[in-house]
1. I need the peptides A:87-100, B:49-62 ranked by packing, meaning the mean over residues of other C-beta atoms within 10 angstrom, with the highest value on top.
2. Sorted by average packing, counted as other Cβ atoms within 10 angstrom per residue and highest first, what order do A:45-51, A:5-11, B:40-46 take?
3. What is the distance in Å between the Cα centres of segment A:25-63 and segment B:43-88?
4. Checking the table B:Lys69/B:Lys107; B:Lys56/B:Lys107; A:Lys11/A:Lys57; B:Lys70/B:Lys107 against a 21 Å threshold on Cα-Cα, which pairs fail?
5. Near A:Lys14, which aspartates and glutamates are there with a Cα under 20 Å away, not counting those fewer than 8 places off in the same chain?
6. Can you give me the relative contact order of chain B as a percent, contacts being Cα pairs under 8 Å and 6 or more apart?
7. Provide a whole-number value for the mean count of partner chain Cβ atoms within 10 Å of the Cβ atoms in peptide A:34-46.
Amino acid sequence: DTGVSQDPRHKITKRGQNVTFRCDPISEHNRLYWYRQTLGQGPEFLTYFQNEAQLEKSRLLSDRFSAERPKGSFSTLEIQRTEQGDSAMYLCASSPRGQPQHFGDGTRLSIL
Amino acid sequence: SQQGEEDPQALSIQEGENATMNCSYKTSINNLQWYRQNSGRGLVHLILIRSNEREKHSGRLRVTLDTSKKSSSLLITASRAADTASYFCATDAGTSGGSNYKLTFGKGTLLTVNP
């Protein structure tokens, strides 16, 4: 399967812990996106990269959140000092410039 | 914040019937896209319609766009049980570095197709 891959699929952690998610985009897709989706809602844009450059960040991305895309390939999204409100599905997508986005199956984060 | 609002929130039909979902949005757009999401999975791109287009077809899908009313509709003809999923409209108002880099999704319509 050469689609967008996200790891882990599920993450359960205690409040206050740090978590890191990984996204492997479709190869040759220079754009990579992170979204957050809560139950009953559509995805909300968090940030996007063009190659290794992070070009835009949503206000939703507080200073506890950081995303990287070293070398313009895979990306990581880290949440520090997790809070109950961080419980959500975190979706990654990738695309060539100007083309529709291809989504991974997400990482479901549950905060105890 | 959500830009698109789908209507209805939930729709239940019998296999073979047509399903129509509507989407309204608030700001000017470059294009509008429809995505499908099966439970617990990621989103799958269905169709994109540009702001200068009024109607587009893809297989059993028909999308219309009325920019004067800031609304779009998705019609699925001859529905199948496998069409059961949530359907989202997403608008692209990006102007920097080309379009389609920042999508704003609605809350979705949950479609159930009964066999």
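Each reported figure results from applying straightforward, stated rules to the coordinates on display, with no laboratory input. Computed from a prediction, not measured in an experiment: that's the story for all the values here. No Cβ is skipped: glycine too gets one built from the backbone with ideal geometry, and neighbour counts run over all protein chains shown.
1. The packing order, highest mean first, is A:87-100, B:49-62.
2. The densest-packed peptide leads the list: A:45-51, B:40-46, A:5-11.
3. So the two Cα centres are separated by 24 Å.
4. In this structure, B:Lys56/B:Lys107; A:Lys11/A:Lys57 exceed 21 Å between Cα atoms.
5. A:Lys14 reaches A:Asp63, A:Glu78, A:Glu83, A:Asp86.
6. 38
7. 5
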